[in-house]
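The values are calculated or read from the model by the stated rules, or taken from the named source; none is laboratory data. What you are looking at is a predicted structure, and each value in this text was computed from that prediction instead of being measured. As a convention, Cβ positions derive from the backbone with ideal geometry for all residues, glycine included, and neighbour counts pool all protein chains shown.
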C-alpha cells in the first residue's frame, strides 16, 4: 500500500543530467509551445506533443508526468528568458539612446511571441489565472521601471513605475497587431514602434541632462 506521502506528493518534471537529455527536453518544450499556441491548452494532447517533438511518448512522460507539469516548465522557461532579456537591457540602458531602449524592448517582445501565445493559453486554463497574470504583469512592470531608472538615475522611482505601466500596455500592442498582409503589418508595426519610441523619450526627457 503506498504511503500518504507518495499519494500527496505532486508530479514534477525530471531534470535531465546529460546533454542529450537536455536537448530532448528543449525539443519537447518547443513542441509543447507550438501545440498549445495552435490548439489551446485543453485541446492539446501529450501524444501530439510527442509526435511534434519526434520523441517517444514514454520519453515525454518520463520527463513530464502530466500536461500540467510540462506547461509549468514552459511557463518557467518563458519567464526566465523574459527576465534575462529585460536584465540585459537594464545593464545596457545607461549607454543606450531612448530609441535604442524602445527598440530593444520591442525586439524582446517579438522574440518571445510564439512562446508567449502558448504560455497565455496555459495561464487562461488555470483557476488562479487572475493572480498569476497580476504577478507576471507586476514583475515585468518593475523590470521596465528598473530599465528607465538605469537609463537615468535622476528619474524618481514613483515616476518610473507610472511610466512603466504605460510602456507595458504599449508593448502589448506588438503582440496584438492583426495578421494582415505583410505591407500592412509592417506599417502597423512601424507606427507602434514610433509610438513606443516617443513614450520612452518622453519618460527620459530632461531627466538625463538635468
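From the list 167, 173, which one is farther than 30 Å from residue 42 by Cβ and touching a helix residue (DSSP H, G or I) at 6+ places or on another chain (Cβ under 8 Å)? Even if it seems obvious, please write down each step before you answer.
Working: 173 fails: farther than 30 Å from residue 42 by Cβ.
Among 167, 173, only 167 is farther than 30 Å from residue 42 by Cβ and touching a helix residue (DSSP H, G or I) at 6+ places or on another chain (Cβ under 8 Å).
Hey, does segment 86-93 have a residue that's part of a helix (DSSP H, G or I), in contact with a helix residue (DSSP H, G or I) (Cβ under 9 Å, 6 or more places away or on another chain) and either modelled with pLDDT under 95 or closer than 21 Å to residue 127 by Cβ (or both)? It would help to see each step written out before you state the result.
Kept after step one, since they are part of a helix (DSSP H, G or I), are these residues of segment 86-93: 86-93.
The next check asks that each one be in contact with a helix residue (DSSP H, G or I) (Cβ under 9 Å, 6 or more places away or on another chain); those that pass are 86-93.
Right, trim to either modelled with pLDDT under 95 or closer than 21 Å to residue 127 by Cβ (or both) and you get none.
Within segment 86-93 (the criterion being part of a helix (DSSP H, G or I), in contact with a helix residue (DSSP H, G or I) (Cβ under 9 Å, 6 or more places away or on another chain) and either modelled with pLDDT under 95 or closer than 21 Å to residue 127 by Cβ (or both)), the answer is no, since none of the residues qualifies.
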Those residues of segment 78-95 which are farther than 23 Å from residue 203 by Cα and surrounded by 19 or more Cβ atoms within 10 Å (Cβ to Cβ) amount to 78
Residue 157: passes all of (1) under 22 Å from the mean Cα position of the chain (by Cα); (2) at pLDDT 85 or above but (1)
